[in-house]
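The values are calculated or read from the model by the stated rules, or taken from the named source; none is laboratory data. Computed from a predicted structure; not experimentally measured. Cβ: placed from backbone, ideal geometry, glycine included. Neighbour counts: every protein chain shown. Calculation scope for accessible area: heavy atoms of the full protein, side chains included, ligands and nucleic acids excluded. Shrake-Rupley method; radii C 1.70, N 1.55, O 1.52, S 1.80 Å.
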Amino acid sequence: MHLTNSLELFPEFAVTQLLFRDVKNCAELRKMAMEGKIAGALINPAMVLDPFQTLLAANKAVHVQKVGKMKTRSLYSEIIFSLSPTNNISEAFKRFGISDNDHAVLIVLVHNKEEEYNKDDVQSKVDGQQIPADQMSSLSDFAKIKKLYKVSSQEEKCGSVLDAVICRMAAKDVV
Amino acid sequence: MAEADGVSVRSVLPCLREAELIKQGAEARVYRVRFLGRSAIVKERFPKRYRHPALDEKLTRRRVAQEVRSILRCRKAGIAAPVVYFVDLSSNCIFLEEITESITTREHIAAARASGRSVESLHDLAENMGRILAKMHDEDVIHGDLTTSNMLLKTESSGELTLMLIDFGLSFVSALPEDKGVDLYVLEKAFLSTHPNTETLFQKLLHSYTGASKKAPAVIKKLDEVRLRGRKRSMVG
Ligand SMILES: Nc1ncnc2c1ncn2[C@@H]1O[C@H](COP(=O)(O)OP(=O)(O)OP(=O)(O)O)[C@@H](O)[C@H]1O
Ligand SMILES: [Mg+2]
């Protein structure tokens, strides 16, 4: 169900992604995350096209934490911020975080490679149905993503929308 | 060359120490790696010892930033260039999509010539190069290092060939015909010295460049001026 990947640049860490739909307690989950009771990033899966997109965001978050360049308060908020094409933090949370009336959530965890992620800690808190994380695109809102990342039809001539999204995430600090 | 600079050939990133080095240049090392489940190319710009450290860091960083910006600018305009996965400004590394099933245009042309194929068989390629460069210049991207090594030819699953631009480290944004003319002049020099007896091929390239952009006449005029200057200088020097 879940997807776990290692980070070549940070071999001590691994990233695990869990995807849920028909979630009934997004408000409660959001509150728990704000209080630090969930050690993970709660992401709106409508804004994600592929697990690679979130994996890149997690890699970037660990990187900025390592080099002391975080722009937000925690590793998990940094993952959400890394997804955003702009440097506006509150905008990033609004678009890529979850809202109280959402019905789906993608949870991204960064954990020690040697240990499995704490399953019970996360799964027991979500009142919803877990689905395979690689089915992420079934929940994506394609039109919204294209609009937010400003992907033109011209750009789609030389690559996918995912490619366009990834380039903007990577280039954010240099443009 | 890095050794001559007294710079360690070992990368600052531990994951690159075991990686396959595919090119050691004067300013950058290029590696092939696995990155988050994909095959990727890492371009690492290393310090040059003969430059003042603070200046060096600034220049290096600017090149990394320019490379990423120009790739994005090209892609937004529909000009094929590798996807940027990740930029590490603390080690001046860019992680790029690896263009698989590809060879450099240089290798392609050299192979065609070596196998005795006619120059005419390469006309379509030259025309394609001209069109893509015209499009790039219409976006005001000046590549800064146009050579046939910095254009990759990818064989798509359909069998079609896609021309992709790479190596934007010396690129910048300018609308001046002079800058575009110099860009083409650099390519002409590199092209004709790498591929002898291909003058007609380069003519084809310029012809399609001219047909593909409204701004081309002013650029070609500058190209002619730059050529003349180049000749005068070589007569004096
Ligand atoms: N994304 C890529 N996919 C596949 N091969 C690549 C890619 N990027 C570079 N290469 C290969 O590596 C070679 C060197 O790369 P590149 O031209 O970017 O570096 P460079 O010439 O050392 O840079 P610079 O001229 O800025 O010092 C290319 O000619 C090509 O063969
Ligand atoms: Mg090169």
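Observations on the model:
- Surface burial for B against A, with a 1.4 Å probe and both sides summed, reaches about 2400 Å² of accessible area.
- Neighbourhood charge, 10 Å Cβ-Cβ cut-off, centred on A:D127 and excluding it, Lys, Arg +1 and Asp, Glu -1: 0
- Among B:S208, B:G159, B:V119 the positive-end extreme of the charge dipole of region B:119-218 (Cβ point charges): B:S208
- Scanning chain B for DSSP H helices at least 24 Å long along the axis (C-alpha atoms) with a Kyte-Doolittle mean no lower than -1.0 picks out B:53-76, B:177-194, B:216-236.
- Largest first, the residues A:L148, B:L96 sort by 1.4 Å accessible area into A:L148, B:L96.
- Report summary: the helix-based calculation at 222 nm, which adds -39500 (n - 2.57) for every DSSP H run with n ≥ 4 and divides by the residues of chain A, gives -11000 deg cm²/dmol.
- When Rg and Dmax are taken over the Cα atoms of the protein assembly as shown, they come to 24.0, 81 Å.
- Restricting the calculation to Cα atoms, region A:1-74 shows an Rg/Rh of 0.97 when the hydrodynamic-style radius is the Kirkwood one.
- Per-residue shielding of B:74-85, expressed as the average number of other chain Cβ atoms within 10 Å of the residue Cβ, stands at 6.
- Put simply, the C-alpha atoms of region B:1-122 give a gyration tensor, and the ellipsoid matching it has half-axes of 29, 19, 16 Å, longest first.
- Student exercise, chain B dipole from Lys, Arg, Asp, Glu Cβ charges, in Debye to nearest 20: 620
- Computed Kirkwood radius, in angstrom, where 1/r is averaged over Cα pairs of region B:92-152: 13.4
- Residue-level accessible surface for A:L56, protein heavy atoms, 1.4 Å, Å²: 10
- Accessible carbon and sulfur surface of region A:1-128 relative to its total accessible area, %, 1.4 Å: 48
- Debye log10 I(q)/I(0) at q = 0.14, 0.17 Å⁻¹ for chain A, Cα point scatterers: -0.70, -1.06
- Binned Cα-Cα distances of region B:142-203, short to long, each 10 Å bin given as a whole percent: 21, 42, 31, 6
- Most fluctuating residue given options A:M34, A:M136, A:M47, as computed from a GNM of chain A linking Cα atoms under 10 Å: A:M34
- Residue (of B:A28, B:P14, B:A110) at the positive-pole extreme of region B:1-151, dipole from beta-carbon charges: B:P14
- Local charge for A:K71 was computed over the other residues whose Cβ lies under 13 Å away, with Lys and Arg +1 and Asp and Glu -1, and equals +1.
- When restricted to Cα atoms, region A:112-175 yields an Rg and a Dmax of 16.9, 46 Å, respectively.
- Per-residue [θ]222 nm for chain B (sum of -39500 (n - 2.57) over DSSP H runs n ≥ 4, rounded to 500): -15000 deg cm²/dmol
- For region B:72-174, the calculated P(r) over all alpha carbon pairs, in 5 Å bins from 0 to the bin holding the longest distance, is 2, 11, 20, 24, 20, 12, 7, 3, 1, 0 percent.
- Cα-based equivalent ellipsoid, chain B: semi-axes from gyration tensor eigenvalues, Å: 30, 22, 18
- 3J(HN,Hα) along region B:90-102: 7, 10, 6, 10, 10, 9, 10, 4, 7, 7, 7, 6, 10 Hz, from the Karplus curve 6.51 cos²θ - 1.76 cosθ + 1.60 with θ = phi - 60°, whole Hz, x for Gly and Pro.
- Phi to ³J(HN,Hα) by Karplus 6.51 cos²θ - 1.76 cosθ + 1.60 over region B:30-43, Hz, x for Gly, Pro: 10, 10, 10, 9, 9, 9, 6, x, 10, 8, 9, 10, 10, 10
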